[in-house]
Amino acid sequence: NQNDGSGAQVMAMRLLANGTLDPAFGTGGIAVFTKSGRADSIAIQSDGRIVLAGFAAVPSAGNRGLVMRLEANGALDASFGTAGVYELADTFSVEFRDVRVLATGSILVAGTNDDLLLVRLTSAGQPDATYSGDGIASANLSSEVVGGVTLNSGDGIEAMAIDADGSVVVAGGRRHLPLAQAPAPVR
């Protein structure tokens, strides 16, 4: 992200193979958006369009999950979401931390809304109703016991992979774990 003094703004940079900024992208190789927040993950579609995922900071309302699609030149893709942007608001702050473009053209983002969260968007940037009924799959593991430890709310997905049969494998962490419940270190 870039901070212009008024708050962090979402940004993207493209470098050429030699490590210099690509002058054909954004302004001198850098595209900065008025959206306050941060992009944490990036994926490149087969047509060269760029998908960013992260969060939009909303003062006094927490964060909203953010997905932006850019044209190859760094401009927002107006055919995606609303003027190039999809945002997800929830009762809790939402942050997307990983993004994948699927073979079907759909976009899968993973993160947290105080639970484990996966959202699948159509190639047009709208929630895919064929995925979990509304495009959003979440799991609150606060009642789950894994290895003798009860997981707490605030768990989130940090990364994901898609295996050969299309199943999604996620990895993440748990937050707010009381020290008394922490498992012994593995040596």
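Readers should treat all values here as calculations from the given coordinates under stated rules, not as data from a laboratory. Note that the structure is predicted; figures quoted are calculated from it, not measured. All Cβ positions, glycine included, derive from the backbone under ideal geometry; neighbour counts span all protein chains shown.
Here's the picture: a label point sits 7 Å out from the Cα of VAL170 along the beta-carbon direction, and within segment 87-104 the residues with their amide nitrogen under 17 Å of it are 88-102. Computed from backbone phi, the HN-Hα couplings of segment 80-85 come to 10, x, 10, 6, x, 10 Hz, rounded to whole numbers (Karplus: 6.51 cos²θ - 1.76 cosθ + 1.60, θ = phi - 60°; Gly and Pro given as x). Note on segment 27-102: along the principal axes its Cα atoms extend 35, 29, 20 Å, ordered by decreasing extent. Residues whose amide H lies under 5 Å from that of GLY26, counting only those 5 or more places away or on a different chain, are GLY74, ALA75; hydrogens are built 1.01 Å from N in the peptide plane.
The packing ranking, built from the mean of other Cβ atoms within 10 Å per residue, places the peptides 74-82, 35-43, 62-70, 19-27 in the order 62-70, 35-43, 74-82, 19-27, highest first. Our compactness index for segment 80-119, the C-alpha radius of gyration over the empirical 2.2 N^0.38 Å, is 1.23. With a cut-off of 11 Å between beta carbons, the residues surrounding SER106 carry a summed charge of +1, where Lys and Arg count +1 and Asp and Glu -1. So what does the Cα-only Debye profile of segment 9-53 read at q = 0.15 Å⁻¹, as log10 I(q)/I(0), no solvent term? Ignoring solvent entirely, the Cα scatterers give -0.40.
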